[in-house]
Amino acid sequence: MNSPSPSPSPSPSQSPSPWDTTPAISVRIVSAISRIANVLRSGAWQFATAEGLNPTQVDILQILLSRDAGVRLSWIAQQLGVTAASASDSVASLVAKKLVEKGRASDDGRAIAIYLTAEGRLLAKKINSAMSFAFDAVNELPQTSQQAMFEALLAYIGKLQQSERFPEIRACVTCQHFAANKHKNELAPHHCNLVNAPLPHMLLRLDCEEHAPAEPATATLNWKKLEKMSL
Ligand code: SF4
């Protein structure tokens, strides 16, 4: 693994700067993201404790909210970065609480998928309300900062995905319906072939129900095109 670049150090003729010990920007960025993740995690913990759930169970309810077609247990484990056994335990507990149920997968009648119950759906929506502090903080930033953050985070996710460090996501960039930079329009340069409409850069989705996985080589090419756009 490449180690982070150190902050610029003074030449022998320069006197030491009070900032010489400042960690490299890569270190500070990762530290910032990690701290934000901790704050969000702590918000989820508080909600989970109040509802008698554990954080993994809260995560499962959240990811099921946008998946009416249900998901496989192995997919849940992969998305949450937990073992299949741990995902299975959490799902079993949610089934016992009547928040999720098991049924036949819509795309394969022999496979089992996990679905939210009506009660689970209500609770999953409450989780989003409990995390409103995080959405509010973003909304209070200037529009240009929000856009810059979105672009930078998207590019960072792309880098992690290409090094196989980020779980599969149903994002436009990795979708076979996505055509990057098809239009000359700066505001809406992309195209979604599914709905046959220009797709603004700032409306790129990270989780789309209609997502159909693109070939890995196409997805990599898309990530590279987007990376160039954010330069
Ligand atoms: S189907 Fe969804 S994920 Fe695919 S390009 Fe269209 S909006 Fe994006």
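The values are calculated or read from the model by the stated rules, or taken from the named source; none is laboratory data. What you see is a predicted model, and the numbers here were worked out from it, not measured in a lab. In this analysis, Cβ positions are derived from the backbone assuming ideal geometry, glycine residues included, and neighbour counts consider all displayed protein chains. Accessible surface is based on the protein model in full, side chains and every heavy atom, while ligands, DNA and RNA are left aside. Shrake-Rupley method; radii C 1.70, N 1.55, O 1.52, S 1.80 Å.
Summary table below
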{"item": "Qualifying positions in segment 195-215 - open to solvent by 100 Å² or more (accessible area, probe 1.4 Å) and part of a helix (DSSP H, G or I)", "result": "203"}
{"item": "Any hit, segment 85-97, residues being farther than 24 Å from residue 36 by Cβ and among the acidic types (Asp, Glu)", "result": "yes"}
{"item": "Scope segment 158-181; condition closer than 18 Å to residue 76 by Cα, more than 14 Å from the ligand (Cβ to nearest atom) and either surrounded by 17 or more Cβ atoms within 10 Å (Cβ to Cβ) or modelled with pLDDT of 95 or more (or both); matching residues", "result": "161"}
{"item": "Residue check for residue 155: more than 19 Å from residue 65 (Cα to Cα), within 16 Å of the ligand (Cβ to nearest atom) and open to solvent by less than 80 Å² (accessible area, probe 1.4 Å)", "result": "no"}
{"item": "Any hit, segment 196-205, residues being of a type in the set (Lys, Arg) and either under 26 Å from residue 80 (Cβ atoms) or at pLDDT 95 or above (or both)", "result": "yes"}
{"item": "Residue within segment 87-101 that is farther than 15 Å from residue 58 by Cα and open to solvent by less than 80 Å² (accessible area, probe 1.4 Å) present", "result": "no"}
{"item": "The listed residue being of a type in the set (A, V, I, L, M), out of contact with any Pro (no Cβ under 8 Å at 6 or more places or on another chain) and over 13 Å from residue 114 (Cβ atoms), out of 53, 65, 61", "result": "53"}
{"item": "Tabulated pairs, segment 9-33, first of a type outside the set (A, V, I, L, M), second at pLDDT below 80 and open to solvent by 60 Å² or more (accessible area, probe 1.4 Å), C-beta under 8 angstrom, 6+ apart or interchain", "result": "20/9; 23/4; 26/4; 26/5"}
{"item": "Odd one out for residue 69, checked against (1) modelled with pLDDT of 95 or more; (2) touching an Asp or Glu at 6+ places or on another chain (Cβ under 8 Å)", "result": "(1)"}
{"item": "Which listed residue, of 197, 212, is within 8 Å of the ligand (Cβ to nearest atom), small (Gly, Ala, Ser) and without any contact (Cβ under 8 Å) to a residue 40 or more places away in the chain", "result": "212"}
{"item": "Boolean, residue 141 is within 24 Å of residue 60 (Cα to Cα) and open to solvent by 60 Å² or more (accessible area, probe 1.4 Å)", "result": "no"}
{"item": "Positions within segment 39-77 being of a type outside the set (D, E, K, R) and not in a helix (DSSP H, G or I), in sequence order", "result": "52, 53, 54, 65, 66, 69, 70, 71"}
{"item": "Search result, residues across segment 183-194 that are open to solvent by 30 Å² or more (accessible area, probe 1.4 Å), more than 11 Å from the ligand (Cβ to nearest atom) and touching a residue at least 12 places away in the same chain (Cβ under 8 Å)", "result": "183, 185, 187"}
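Yes/no per residue for (1) touching a helix residue (DSSP H, G or I) at 6+ places or on another chain (Cβ under 9 Å); (2) closer than 20 Å to residue 227 by Cβ; (3) not in a helix (DSSP H, G or I):
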| site | (1), (2), (3) |
| --- | --- |
| 141 | yes, no, yes |
| 149 | yes, yes, no |
| 153 | yes, yes, no |
| 159 | yes, yes, no |
| 164 | no, yes, yes |
| 169 | yes, yes, yes |
